Amino acid sequence: MEVMDAMSRRRSCRAYLPQQILNEKRDEILKAANAAPVGMGEYQNVRLSVIQSAALLEKLDRCGAAFLGDPSLRPTYGAPTVILVSVSRDSKQDAAYCNAACIVENMHLAATDLGLGSVYLLGCIRALQQDAALQRELKIPEAFFPASALAVGYCAETGHMRALTTDKIKTDYLR
Ligand SMILES: Cc1cc2nc3c(=O)[nH]c(=O)nc-3n(C[C@H](O)[C@H](O)[C@H](O)COP(=O)(O)O)c2cc1C
């Protein structure tokens, strides 16, 4: 799939089938993460956690739901895999989130290319930032903090290709 084609198919999936993604697909997504640009090439300032434990995903959901004030919420939408991007506490705050976003978007497009659904997660990651015990359970080193994540799985919603346009984001042309 060409990049522009993947972009027109990419959408946020918020309902997943329970079946786990194949390890081959997981590894392709991780290759996309590793191909992402990172400020100053400081790849040592970012880390990935592939979370596929149902118990840990439930803890992440509960943490996010409590933070958002509604215990009925499931902020990871039942996705069987969440790939968490953590960044070094030493990185400059703006670069930290930029790096995480580049990595997540590369994975989001790769997941689309592989026929998988995915969605960028920030809400429940903000919750995780307040929960040191869960960060330890997720084996995030103390020198890092969780910045963003991608939920991935087989999408239970039907999506369609969207036309790529130039009018969604207001743009000034300076000639
Ligand atoms: C920085 C960022 C944070 C986001 N956080 C969440 C989130 O926590 N939960 C969620 O369901 N979607 C989240 N999204 C997805 C956006 O809501 C979604 O991309 C946007 O509404 C456009 O829809 P589309 O992805 O289907 O094109 C996030 C997207 C970005 C870029």
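Using +1 on the beta carbon of Lys and Arg, -1 on that of Asp and Glu, and nothing else charged, what's the dipole of the chain about the Cα centre, debye to 20?
Here the size comes out at about 220 debye.
Shape call for region 11-116 from the C-alpha gyration tensor, a ≥ b ≥ c root eigenvalues: rounded (a/c under 1.5), prolate (a/b greater than b/c) or oblate?
Judged from the Cα gyration tensor, region 11-116 comes out oblate (a/c at least 1.5, b/c at or above a/b).
Where does the chain land at 222 nm, in deg cm²/dmol rounded to the nearest 500, when only DSSP H runs of n ≥ 4 count, each adding -39500 (n - 2.57), divided by all residues?
The helix-only estimate for the chain comes to -12000 deg cm²/dmol at 222 nm.
Could you give the length gained by full extension between T166 and A15, i.e. 0.36 nm per residue of separation minus their alpha carbon distance, to one decimal place? Please list the in-between numbers first.
Values: separation 151, 0.36 × 151 = 54.36 nm, distance 2.86 nm.
Extending this stretch completely gives an extra 51.5 nm.
Taking θ as phi - 60°, what are the ³J(HN,Hα) couplings along region 127-136 by the Karplus curve (6.51, -1.76, 1.60), each to the nearest whole Hz, with x for Gly and Pro?
5, 4, 4, 8, 10, 5, 5, 5, 4, 5
Could you identify which residue out of M40, M107, M161 has the top mean-square fluctuation in a GNM of the chain using Cα springs shorter than 10 Å?
Among M40, M107, M161, the largest GNM mean-square fluctuation belongs to M40.
Treating only the Cβ atoms of Lys and Arg (+1) and Asp and Glu (-1) as charged, compute the dipole magnitude of region 58-159 about its Cα centre; round to the nearest 20 debye.
Taking the Cα centre of region 58-159 as origin, the dipole is about 220 debye.
Once the dipole of region 1-102 is set up with Lys and Arg at +1 and Asp and Glu at -1 on Cβ about the Cα centre, which of G64, M40, A95 lies farthest towards its positive end?
Of the candidates, G64 comes out farthest on the positive side.
Please report the net charge: other residues with Cβ closer than 13 Å to the Cβ of T112, K and R +1, D and E -1.
0
Identify, among N23, Q52, G123, the residue whose Cα sits farthest towards the positive end of the charge dipole of the chain, taking +1 on the Cβ of Lys and Arg and -1 on the Cβ of Asp and Glu, with the dipole about the Cα centre.
G123
Kirkwood hydrodynamic radius, region 41-175, all distinct C-alpha pairs: what's the number in Å?
Numbers: mean 1/r = 0.0622 Å⁻¹.
When all Cα pairs of region 41-175 are included, the Kirkwood radius is 16.1 Å.
Compute the length gained on full extension between E42 and L22: take 0.36 nm times their separation in residues and subtract their Cα-Cα distance, giving the result in nm to one decimal.
So the chain would gain 4.3 nm between E42 and L22.
Taking K and R as +1 and D and E as -1, what net charge do the other residues with C-beta under 14 Å from the C-beta of S91 add up to?
Here the count lands on 0.
FYI, it's all coordinate maths here, none of it is from the lab. Keep in mind it's a predicted model, so treat the numbers as computed, not measured. Don't worry about glycine lacking a Cβ; one is built from the backbone with ideal geometry, like all the others, and counts go over all protein chains shown.
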